[in-house]
Amino acid sequence: MLAGLLAGLLAFAYAQSFAEPLIEQAIAFEDHSHGSASGHADPELVSRAVQSTFGLLTGVVVYSTAIGGIFALVFAFAQGRLGRMRPRDTAALLATAAFIVLFLAPQIKYPANPPAVGDPETIRVRTTLYFMMIAWSVAAAVGGTLLAKRLMRRLELRDAALCGAGFYILAAALAMFILPPVNEVPEDFPASLLWQFRMASLGGHAVLLAMLGLAFGLLAERQMLAARRSATRLQRIT
């Protein structure tokens, strides 16, 4: 969770530098569109000053700390079951897999959208579809891992891993084909702004998981080496 906290602080700095300016541009477009249509803007329940500073920091840090706790549980299960890998290597592999499975694949099908994009009346449907894609992606990753582990008895590690990755890619592509598309981007919304926001969204998750994998791997390896040394000393004494 400490590693998640550190990753959250870095992700907050990234969001402040790259995502927030794009959100401001999207809000300006939305206000202009609504103002032209209705002549007035809806009142803010929470000011943008709070949303972009303290609110953003709180949300990102709480989210990243929770991700860090879940990451620790997955690491505890995976360490030693993925071959003779050092803790930092296991953490790096898990962080990369988490980015692909939980964020990259789902956002290829249902990419993140800035304000002014999306019909408020379809938010439940869009949210359900997005989480269905995440669930399918996780199930495909588990299936690919089990397949690779079974094939290790017959094939080399590299070939078994490639087969597992191929299974995941095919299963994720099948989900993208079956699940219905969602396209609610206004015709006059700037394409460059939409693209930059989606890349910034993926970049934020990449920064979060990269920092989480790095910090957690270093801390876990240090802790595990210290525990091994203590156990060795205890054995010598006894």
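The values are calculated or read from the model by the stated rules, or taken from the named source; none is laboratory data. Computed from a predicted model, the values in this text were never measured in an experiment. Positions of Cβ are generated from backbone atoms using ideal geometry, with glycine treated the same way; all protein chains shown enter the neighbour counts.
Residues in the range 3-20 that are in contact with a helix residue (DSSP H, G or I) (Cβ under 9 Å, 6 or more places away or on another chain) and either among the aliphatic types (A, V, I, L, M) or free of Cβ contacts under 8 Å to residues at least 40 places away in the same chain (or both): Ala3, Leu5, Leu6, Ala7, Leu9, Leu10, Ala11, Ala13, Ala15, Ala19, Glu20. Mind checking which pairs have a first residue in the range 57-84 that is outside the structural domain of Leu208 (by TED's automatic domain parsing) and a second that is at pLDDT 95 or above and in a helix (DSSP H, G or I), Cβ under 8 Å, 6 or more apart or different chains? From the range 57-84, no pairs qualify. Screening Leu155 against (1) in a helix (DSSP H, G or I); (2) over 30 Å from Ala7 (Cα atoms); (3) not assigned by TED's automatic domain parsing to the domain that holds Asp89 leaves a single unmet condition, (1). For first residues located in the range 166-189 and on the phi < 0 side of the Ramachandran plot and at pLDDT 95 or above, partners that are part of a loop (DSSP other than H, G, I, E, B) and hydroxyl-bearing (Ser, Thr, Tyr) and lie 6+ apart or on another chain with Cβ distances below 9 Å form the pairs Leu179/Tyr110.
Selection of the range 181-238 for residues being of a type in the set (S, T, N, Q) and crowded, with 17+ Cβ neighbours inside 10 Å yields Gln196, Ser201. Counting the residues of the range 14-56 that are more than 27 Å from the chain's Cα centre (by Cα), within 27 Å of Glu187 (Cβ to Cβ) and either at pLDDT 90 or above or in a loop (DSSP other than H, G, I, E, B) (or both) gives 5.
Applying the criterion of being of a type in the set (A, V, I, L, M, F, W, C) and at pLDDT below 90 to the residues of the range 99-156, the residue that is farthest from Leu22 (Cα to Cα) is Leu155. Leu225 passes every criterion in (1) modelled with pLDDT of 90 or more; (2) of a type outside the set (Asp, Glu); (3) within 26 Å of Leu93 (Cβ to Cβ) apart from (1).
Does the range 152-162 include one or more residues that are small (Gly, Ala, Ser) and either surrounded by fewer than 13 Cβ atoms within 10 Å (Cβ to Cβ) or under 30 Å from Ala11 (Cα atoms) (or both)? No, the range 152-162 contains no residue that is small (Gly, Ala, Ser) and either surrounded by fewer than 13 Cβ atoms within 10 Å (Cβ to Cβ) or under 30 Å from Ala11 (Cα atoms) (or both). Looking only at the range 101-129, how many residues end up being touching a Lys or Arg at 6+ places or on another chain (Cβ under 8 Å) and not in a loop (DSSP other than H, G, I, E, B)? Summing the residues that are touching a Lys or Arg at 6+ places or on another chain (Cβ under 8 Å) and not in a loop (DSSP other than H, G, I, E, B) in the range 101-129 gives 1. Take the conditions (1) in contact with a Phe, Trp or Tyr (Cβ under 9 Å, 6 or more places away or on another chain); (2) under 20 Å from Val138 (Cα atoms); (3) assigned to a loop (DSSP other than H, G, I, E, B); Phe189 misses just one of them, which is (2).
Taking the stated definitions as given, is Arg126 of a type in the set (D, E, K, R), surrounded by fewer than 17 Cβ atoms within 10 Å (Cβ to Cβ) and closer than 18 Å to Leu82 by Cα? So Arg126 does not fit the description; no.
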